[in-house]
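The structure appears below as structure tokens.
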Amino acid sequence: MKKTFILTALLALGAMTAEAQTYLNPNAPLEERVKDALSRMTTHEKIKLLHAQSKFTSAGVPRLGIRQLNMDDGPHGVREELEWNTWNAARWTNDSIVAFPSLTCLASTWNRDLSQAYGNAVSEEFAFRGKDIMLGPGVNIQRTPLNGRAFEYMGEDPFLAGEMVVPYIRGAQANGVACCLKHFVLNDQETDRFAVNVNVSDRAMREIYLRPFQKAVEQAHVYTIMGSYNMWKGVHCCHNDELLNGILKKEWGWDGALVSDWGGTTNTMEAALGGLDIEMGTYTDGKVRESAFGYDDYYLGNPFEQLITEGKVPMSVLDEKASRVLRTIFRTSMNPKKVIGSQCSEAHYEVCRQIGEEGIVLLKNEKNILPLNPMKNAKYHNILVVGENATRSLTKGGGSSELKTLRDDTPLDALKRCYETMISYAPGYYSGRAMYDRVDRIDSAKQAQLKAEALEAAKSSDLIIFIGGLNKNTRQDCENGDRESYDLPYGQNELIAELAKIQKNIIVVTFGGNPYAMPWLKDVAGLVHCWYLGSESGAALANVLTGVVNPSGKLPVTFAAKYEDYPYVQYGAEAYPGVKKQVYYKEDIFVGYRHFATKNVKPLFPFGFGLSYTTFAYGKPTAVTSGENIIVETTVTNTGKVAGKEIVQVYMTAPQSDVPRSAKELKGFAKTKVLDPGESETLRISIPKNELAYYDETGHQWKVTAGTYTLNVGANVNDIKGKVSVNIN
Ligand code: GLC
């Protein structure tokens, strides 16, 4: 009897305690946990939630058993562990991870399922490393091919970027790891990134630059967003009231926590009232200089607390911020469904390789020089590989997205596995610079010698595979600086041209996050662009070159024949990189193919372009409206000799509207399954009617013009296979 009584009493007490401590009850509704926790916190404890306590963590509430938030870079994998309060590597021996392909490579797959798989796999590595927030993905728009960080983003088109970022975020956050979508917003260049003020029309802001972020908020419910360093309307985006409170939190109804970029917070009152929730990295100027300060000195630390205690800022402002941080904590570090995760599993390498294989774009394949069949009737016996990117690790460098990998399979290693003794190698050029060095250290005599050696070796080859492009050096594809030229660096253009004179069987393979000029294009037989492929670079590339995998990637950016063809160039320095830290997006909505297609400028390779080892035929498209959607159907048939996948794109041509419209706007796409020769698949592409809208600046609203819309179904923006019209009243 007595025992039962005691047991019952204990259970009741337990229940009371649990009930009393709702915030600790994992099954309690999220908002109740938030409210309960907030009600137990002191003002100072609320303040501590709002800023860093180390380089990559923000505080919880130790007294209440509320966990801190562990953050880390970056979009392509978990950065190596740094010391608690410095930018030095902590030199752990168990933090090597899988480097996944760059997000521009992911965008080039046009494969939403692969994007979800990417988000799932990379967040498992973040979880295993004990991280709650991964500082990525990024969806800034590639308006200039010189942007040093374009490789971290998803191309020039807001629809493709939005469609591809949503599954990545869903895949990641399902594991209880928050994405931190960045950089919100208009961080579309690295030149003057900490101070440049972006002048852009409301329409371009809404239709181009905000659009992918809006989709991620509305469709993927991204948990955190990173404010960008630059300004909009003269106010830093990390605490810009109109942008963060007006658009993001009020208009879009976003309930997450806005995290500053590291060092992006510049004053207390704006930080307090401008929508910032977690201040990170203050007093660093891009991670170079520190001042002697305590984290409580942060703008949202003591200075903000003083404003609250003096009643200059209402407690409701603090409670709102603290609630958003608590919500993030309960969604991640105190989320019972957060996975343990895993690190460097074969499953992760498989996803990494698949994304690489589907992101590689085949741009030229004259006389079907590709695929190379290493074993069957090998036509080539002396294959010369030339170029530094055949051996260089491209997972190092690039800035905050750099990674410490366990496996870094290089193209040369992989090609040797395929062709064994038939392969020989000559560097041909070298890049010289250390990762973050600001000056060239190229010894021209050494450069000339490498070139001479490669040209000599070419004479006895019967095939050349040139592997070059950009790299992660400063002023290449690297944070905190833009490229200085649209050309390939280190004398590659001259080297390729001279190699092609010696051996016409030459295949060029380039790595890089941006388009570039190709003066030698007519002289080479094959051309493949790889973006950055991560840990499985070699295997993914070799599988495509040998035909184990039929390439299906398509460009998420326009490759212009010459730099001057990019739309903003005609407007001079004001349009890029800006004058006196003011940049004007004078091309307005006509970014990328919107310019080329509307002004009939012929690109070298158009947006959405990519070849295959097979060919596809498209049936006549049909379109029906069903409810709020337009359903476009088309049948694709593999008319070639090898199996492959095709990406079908739908571009809208709007009727005459009150405002100028782009001749074509991507509004739908789908990728077939692997089609065997002769096999067909009918694709259904659903286009929500509200995707046809333009942003009306006078009424500050989206408007769909009544009239007839043409839906162009094609293999790329300039290769339209069929059209169908729909009437919208
Ligand atoms: C950097 C980058 C940002 C990164 C952060 C932390 O300056 O702009 O993308 O996540 O600092 O390293």
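Here are some notes:
- The chain - share of DSSP beta bridges that are antiparallel (%, nearest 5): 60
- Spin-label model, Ala20 to Gln582: label points 7 Å out along the Cα-to-beta-carbon direction sit 6.2 nm apart.
- Radius ratio Rg over Rh of segment 355-425, counting only Cα atoms, Kirkwood formula for Rh: 1.02
- Charge dipole of segment 580-729 (Cα centre as origin; +1 on each Lys and Arg Cβ, -1 on each Asp and Glu Cβ, all else neutral): 420 debye, rounded to the nearest 20.
- Listed residue (Tyr593, Gly722, Asn70) projecting farthest to the positive dipole end of the chain, Cβ model: Gly722
- Farthest positive-ward along the chain dipole, Cα basis, beta-carbon charges - from Tyr229, His239, Pro137: Pro137
- Residues whose placed amide H lies under 5 Å from that of Trp232, excluding near-sequence neighbours: Val198, Cys237
- Trypsin sites (Lys or Arg not before Pro) within segment 65-97: DSSP coil, no more than 12 neighbouring Cβ in 10 Å: Arg91
- Extents of the chain, largest first, come to 89, 68, 63 Å (Cα atoms, principal axes, whole angstrom).
- Cα-based convex hull, segment 41-331, per residue volume (Å³, whole number): 121
- Across segment 707-723, rounded Karplus estimates of 3J(HN,Hα) from the backbone phi angles (6.51 cos²θ - 1.76 cosθ + 1.60, θ = phi - 60°) give x, 9, 9, 9, 10, 8, 9, x, 8, 6, 4, 9, 10, 8, 8, x, 10 Hz, Gly and Pro being marked x.
- Taking a straight line from the alpha carbon of Lys581, these lysines sit under 19 Å away, with near neighbours fewer than eight places off in the same chain left out: Lys233.
- Dipole check for the chain: with +1 at the C-beta of Lys and Arg, -1 at the C-beta of Asp and Glu, and the Cα centre as origin, the magnitude is about 1000 Debye.
- Mean Cβ count within 10 Å, highest first, over the residues of peptides 361-372, 625-636, 96-107: 96-107, 361-372, 625-636
- For the chain, adding -39500 (n - 2.57) for each run of n ≥ 4 DSSP H residues and dividing by the number of residues yields -7500 deg cm²/dmol at 222 nm.
- Those aspartates and glutamates that a straight Cα-Cα span of less than 14 Å connects to Lys131, excepting residues fewer than 8 apart in one chain: Asp72, Asp73, Glu80, Glu81, Asp95
- Here Lys250 is the anchor, and the lysines within straight C-alpha reach of less than 17 Å, apart from those fewer than 8 places off in the same chain, are Lys215, Lys321.
- With 27 Å as the limit on Cα-Cα distance, the pairs of Lys667/Lys721; Lys641/Lys721; Lys46/Lys338; Lys404/Lys554; Lys459/Lys554 that go past it are Lys404/Lys554; Lys459/Lys554.
- Diffusion coefficient, µm² s⁻¹, Stokes-Einstein with Kirkwood Rh over alpha-carbon pairs of segment 613-728 at 25 °C and 0.890 mPa s: 164
- Projected label distance in nm at Gln656 and Val624, using a 7 Å step from Cα toward the beta-carbon: 3.3
- About its Cα centre, the dipole of segment 41-331 is roughly 360 debye, where the only charges are +1 on Lys and Arg Cβ and -1 on Asp and Glu Cβ.
- Listed peptides 231-240, 452-461 by packing density, highest first (mean Cβ within 10 Å): 231-240, 452-461
- Annotation: amide H-H contacts under 5 Å for Trp531 (H modelled 1.01 Å from N, sequence separation of 5 or more, or interchain): Gly512.
- Additional length obtainable on full extension of the chain from Thr421 to Thr42, 0.36 nm per residue less Cα span: 129.4 nm
- D by Stokes-Einstein for segment 459-611, Kirkwood Rh over Cα pairs, 10 °C, 1.306 mPa s: 92 µm²/s.
- Other-chain or far-sequence residues with amide H under 5 Å of Leu463's (modelled H): Asn382, Leu384
- For segment 351-361, 3J(HN,Hα) per residue [Karplus equation, 6.51 cos²θ - 1.76 cosθ + 1.60, θ = phi - 60°, Hz, x = Gly/Pro]: 4, 4, 5, 4, 5, x, 4, 8, x, 4, 10
- Shape call, segment 51-95: gyration tensor on alpha carbons, a/c limit 1.5: prolate
- Eigen-decomposition of the gyration tensor built on the alpha-carbon atoms of segment 346-557 gives equivalent ellipsoid semi-axes of 24, 22, 16 angstrom, largest listed first.
- Mean projected area of the convex hull spanned by the Cα atoms of segment 173-294, taken over all viewing directions: 8.1 nm².
- The GluC sites (Glu not before Pro) of segment 290-344 that meet both conditions, a loop assignment by DSSP and at most 11 other Cβ atoms within 10 Å of the site Cβ, are Glu310.
- Note that segment 576-585 has calculated 3J(HN,Hα) couplings of 5, x, x, 10, 6, 6, 10, 10, 10, 7 Hz, one per residue in order, obtained from phi through the Karplus relation 6.51 cos²θ - 1.76 cosθ + 1.60 (θ = phi - 60°); glycine and proline are x.
- Classification of segment 211-264 by its C-alpha gyration tensor yields a prolate form. The axis ratio a/c (a ≥ b ≥ c) is 1.5 or more, and a/b outweighs b/c.
- Packing-based exposure ordering (other Cβ within 10 Å, fewest first) of Lys522, Lys581: Lys522, Lys581
- Farthest toward the positive end of the dipole of segment 613-728, out of Asn690, Val674, Tyr709, is the Cα of Val674, where the dipole comes from beta carbon charges about the Cα centre.
- Label separation (Glu456 vs Thr682): 6.5 nm, computed from points 7 Å beyond Cα along the C-beta direction.
- Shape of segment 433-533, Cα gyration tensor, a/c cut at 1.5: oblate
- Cα centroid separation - segment 75-90 against segment 254-270, whole Å: 21
- Loop GluC sites (Glu not before Pro), segment 457-506, which have at most 15 other Cβ atoms in a 10 Å radius of their Cβ (DSSP): Glu484
- Overall dimensions of segment 65-189, expressed as equivalent-ellipsoid semi-axes from the Cα gyration tensor (√(5λ), whole Å, largest first), are 25, 17, 13.
Rule-based calculations on the coordinates, nothing more; no lab input. Since we're looking at a predicted model, the values are computed, not measured. So basically every Cβ, Gly included, is an ideal-geometry build from the backbone, and we count neighbours across all protein chains shown.
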